[in-house]
Amino acid sequence: MNICVLPPRPYQHFLRGLSRTPFQRCRFIFHASTHLGSGIPCAQPLNSLRLHCAKWMLLSKGFQRKLSVQTTLKDPTEGLSDKEQRLVDKLYTGLIQGQRACLAESITLIESTHSRKKELAQVLLQKVLIYHREQEQLNKGKPLAFRVGLSGPPGAGKSTFIEYFGKMLTERGHKLSVLAVDPSSCTSGGSLLGDKTRMTELSRDMNAYIRPSPTRGTLGGVTRTTNEAILLCEGGGYDIILVETVGVGQSEFAVADMVDMFVLLLPPAGGDELQGIKRGIIEMADMVAITKSDGDLIAPARRIQAEYVSALKLLRRRSAVWRPKVVRISARSGEGITEMWDKMKEFWDLTLASGELIARRQKQQKVWMWNLIQENVLEHFRSHPTVREQIPVLEQKVLRGALAPGLAADLLLKALKAETNKIFPVQ
């Protein structure tokens, strides 16, 4: 990753600021004719600031008389101890060999909030990502796994459906990974992680891997590290990834930005046709499945199916080659599940042939990056010494009604901006 910066004159303030930033191991490449005051070439002040200047680079004519700094990130494994390097190598080797224990330990590592373990997780993910790209190239550029998101309101029968559906897939020779997300308590912070207990048969299947994870306050029905877990499962050789969200409402569809196909499961008593017209989770669905279509609920399920078919006609299509389908299924009798899988494969074939699948994954990569940026920027903001000192004072003023919340936020931002300008003065 390269970061280009064109700072204003005088350059001495900029270079002085670099010595206070975490760029000590970066390589800085300057214009060959750049001088930083009094005719001093750029290599000398950089060396005096203990910054590593590796080579010179002649830029295009449009950048003459401007200072260009290009930082090249070094190998992330350089800062690892021997013990940490052995751990990463062990997890990576075991993961690509299909060892379930290494996959479980790898997901635990990426879910950790410990700062050092987060660094180790990024090193592991980078190695897995390189391996993943190599395998895709060997597969003629086609994706290695079919990612499916399963969402729906509480009690829709998501776990029961996955139990039957997963057994059917493993019997057909697929390797299935289920990432089940469980809600965390807003008071104690704990989570039951009980989805796996409702999949007793599938959890004993050696071609299936079930991983329950808590939300830990993350909104949208998924966890903070769901994207990373999907990548690790694909690196472990699983060709179908099911992401089961928590019980969600109309506006919680973050999983749609992580998967190839978004399937919405609804119970037969899911409301009238107007529920399907409401913008939100319905218009993000590539398929709607009416569950529990058996016994006395067959008639209500047929009615709900007809109403959602007509409701979806009023929504704008997300795909040029696929119109969302509405199916009826029963995990108890197995009715409609085989037909549902056939339609899912049809979706895969059509979107892959049209290029929409690859385009959707590329868009999801960008969403993933910006989600991480927002998370890290907020974490950095809250942990900054200047902000951390002001937060208790401003919180008390807000509680007393002496300060509006918006004004308090502005004061914190101005304090952080002033501290930043001390490092990089604006001339």
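What is the residue count in segment 320-339 for residues that are open to solvent by less than 10 Å² (accessible area, probe 1.4 Å) and free of Cβ contacts under 8 Å to residues at least 60 places away in the same chain?
2
Within segment 346-363, can one find any residue that is outside any helix (DSSP H, G or I), farther than 24 Å from residue 133 by Cβ, open to solvent by 30 Å² or more (accessible area, probe 1.4 Å) and of a type in the set (Asp, Glu)?
Checked segment 346-363: no residue is outside any helix (DSSP H, G or I), farther than 24 Å from residue 133 by Cβ, open to solvent by 30 Å² or more (accessible area, probe 1.4 Å) and of a type in the set (Asp, Glu).
Among the residues of segment 302-319, which ones are under 27 Å from residue 356 (Cα atoms) and either without any contact (Cβ under 8 Å) to a residue 12 or more places away in the chain or surrounded by fewer than 14 Cβ atoms within 10 Å (Cβ to Cβ) (or both)?
310, 313, 314, 316, 317
Suppose we filter segment 135-156 for residues that are open to solvent by 20 Å² or more (accessible area, probe 1.4 Å) and outside any strand (DSSP E or B); how many remain?
Of the residues in that region, 12 qualify.
Restricting the search to segment 276-291, which residues are at pLDDT 90 or above and surrounded by 23 or more Cβ atoms within 10 Å (Cβ to Cβ)?
Residues satisfying the conditions are 286, 288, 289, 290, 291.
Is segment 190-202 home to any residue that is modelled with pLDDT of 70 or more and open to solvent by less than 40 Å² (accessible area, probe 1.4 Å)?
yes
The values are calculated or read from the model by the stated rules, or taken from the named source; none is laboratory data. Values in this document were obtained by computation on a predicted structure and should not be read as measured data. Please note: Cβ atoms are built from the backbone with ideal geometry, for glycine as well, and neighbour counts cover all protein chains shown. Ligands, DNA and RNA are excluded from the accessible area calculation, which covers all protein heavy atoms including side chains. Shrake-Rupley method; radii C 1.70, N 1.55, O 1.52, S 1.80 Å.
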